[in-house]
Amino acid sequence: RVAGCHIYNNTFIKTVSATENCDNVFMAFNSFTNIPNALHLSNNIIYNTTTEANDFYKITAGKFVDDCGLVLENNCIFGYREGTIPGDAEHNRNTVVADPGFVDLLAAFIDSEGNLDKDEILKGLALASDSPCLGTGKAVAS
């Protein structure tokens, strides 16, 4: 059981290889207990590079109650099936559903086996000057 978990200021990239090894949902829960406001995701970029948009989450046991345990705030979510990003009002605030506009997503990295220089990858993951994500984050206490 998770309560009070806060995941913030990250970039998550699901690649084509993810679909070969498992389904390409962003989150998979073995059992979700719907503890109110248990899991907060803030200021994250969640990017699916695959050609097929998958559901944002799946649950294998129990029932996921929308607007209960998961809170999404100021995230950019791209490449997931329309209507599968949970939450409304206070449980899904300021979500940008658009390509985040990386300088260069480095297709060579996605297609390779990860044999590129770390600094080259990080430069490519910077946000371009016209990114819809710029200025959309929120302050996260502590």
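In this structure, S142 does not qualify as assigned to a loop (DSSP other than H, G, I, E, B), exposed (fewer than 14 other Cβ atoms within 10 Å of the Cβ) and modelled with pLDDT of 85 or more. Just one of (1) without any contact (Cβ under 8 Å) to a residue 24 or more places away in the chain; (2) open to solvent by less than 70 Å² (accessible area, probe 1.4 Å) fails for V97. It is (2). Only one of the numbered conditions (1) more than 14 Å from the chain's Cα centre (by Cα); (2) within 18 Å of I7 (Cα to Cα) is not met by C133, and that is (1).
The values are calculated or read from the model by the stated rules, or taken from the named source; none is laboratory data. This is a predicted model, so every value here is computed, not measured. Glycine also receives a Cβ, built like all others from the backbone with ideal geometry; neighbour counts cover every protein chain displayed. Just the protein is used for accessible areas: all its heavy atoms, side chains included, with ligands, DNA and RNA removed. Shrake-Rupley method; radii C 1.70, N 1.55, O 1.52, S 1.80 Å.
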